[in-house]
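Only one structure is covered here, and it is reproduced in the block below.
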Amino acid sequence: MHNFRHHNPAIPRGGVLKSVVGIVSIGVLVVLAYAGHFAGRTIYELLGENRELHEAITHLTDEEQIGYAKVLEQTTTDGRQTTRVLFVETAPGDPSSRILEREFEIEGDVVYFDAITIKFGKQMVMDGRARSIYLWRRVFGEKMRPEDGFAIESEGEAPERYRAISDRLSLRDRETFWSEIWALSNDPRRLADLGVEAIYGDPVYKALRPGLIYIFKASPPGGLAIETVPDL
């Protein structure tokens, strides 16, 4: 009785092994690329290598008016004065366009508005001219501690007025970028080596009155100023 072993000469055994190894290798590369995509990049990689981010920052326009406030209601009950304030953040390049509105009730009539300026130095732009963005932090009254103030924007999140920057980044890179930018409020020079730093001015404040508009204007050194005009 003869034993026959069937063997297909068209597919050498060594070739099958190589094919399997090749398929596995490709699969590993795909998984690694997929994982790398969702792992995102560090802030140092983003600021140093991301050309689209550099382009978006370069396209930032110089801003003068970045928002305004007005009194909605001012009352005094049992000797306690309360001011209800409308805060409005305006769109870059279009002060008539509202992109964020918040109402706050403050004890007293003196109201403080707190923001930080983030400056992107020459190495972060393509034309060698520094740019800045402005992040609104909080509102508080003279009878409050600043840390007890009411938040204007959510710290760590992407501001609507700078959507042009966010749109150039993947979801994970966007989260990393804005989280790190907001973190400059506690450590202004932590990214200074990359040409990014926070510039603090003192919170601007006014004794607010009905019938007036309080316009927030950015000053060249990085602070804010308030200009008062009639509410027409």
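The values are calculated or read from the model by the stated rules, or taken from the named source; none is laboratory data. Predicted model only: the values in this text are computed from it and were never measured. All Cβ positions, even for glycine, are placed from backbone atoms using ideal geometry, and neighbour counts span all protein chains on display.
A few points about this structure:
- Subset of the range 214-232 that is of a type in the set (Gly, Ala, Ser) and under 21 Å from the mean Cα position of the chain (by Cα) - its residue that is surrounded by the most Cβ atoms within 10 Å (Cβ to Cβ): 218
- The range 94-129, residues that are in a loop (DSSP other than H, G, I, E, B) and acidic (Asp, Glu): 109, 127
- Selected residue [in a helix (DSSP H, G or I), surrounded by 13 or more Cβ atoms within 10 Å (Cβ to Cβ) and among the charged types (D, E, K, R)] from 89, 63, 55, 45: 55
- Unique match (being over 30 Å from residue 108 (Cβ atoms), at pLDDT 90 or above and hydroxyl-bearing (Ser, Thr, Tyr)) among 42, 61, 82, 77: 42
- Residue check: residue 177 meets all listed conditions (1) out of contact with any strand residue (DSSP E or B) (no Cβ under 9 Å at 6 or more places or on another chain); (2) farther than 23 Å from residue 92 by Cβ; (3) aromatic (Phe, Trp, Tyr) but one, namely (2).
- Condition broken by residue 225, with the remaining ones in (1) under 24 Å from residue 58 (Cβ atoms); (2) in a strand (DSSP E or B); (3) in contact with a Ser or Thr (Cβ under 6 Å, 6 or more places away or on another chain) satisfied: (1)
- Residue tally, condition closer than 22 Å to residue 126 by Cβ and either buried (at least 18 other Cβ atoms within 10 Å of the Cβ) or out of contact with any Gly (no Cβ under 8 Å at 6 or more places or on another chain) (or both), over the range 185-197: 5
- Residues within the range 92-106 that are over 18 Å from the mean Cα position of the chain (by Cα) and surrounded by fewer than 16 Cβ atoms within 10 Å (Cβ to Cβ), tallied: 5
- Restricting the range 185-213 to residues that are in a strand (DSSP E or B) and under 26 Å from residue 158 (Cβ atoms), the residue that is farthest from the chain's Cα centre (by Cα): 204
- Matching residues, the range 130-152, being among the basic types (Lys, Arg), closer than 22 Å to residue 163 by Cβ and not in a strand (DSSP E or B): none
- Residue, surrounded by the most Cβ atoms within 10 Å (Cβ to Cβ), within the range 153-184, restricted to residues that are part of a helix (DSSP H, G or I) and among the hydroxyl-bearing types (Ser, Thr, Tyr): 162
- Residue match in the range 112-123 (condition: surrounded by fewer than 20 Cβ atoms within 10 Å (Cβ to Cβ) and modelled with pLDDT of 95 or more): yes
- Check on residue 150, farther than 25 Å from residue 42 by Cβ, surrounded by fewer than 20 Cβ atoms within 10 Å (Cβ to Cβ), at pLDDT 95 or above and over 11 Å from the mean Cα position of the chain (by Cα): yes
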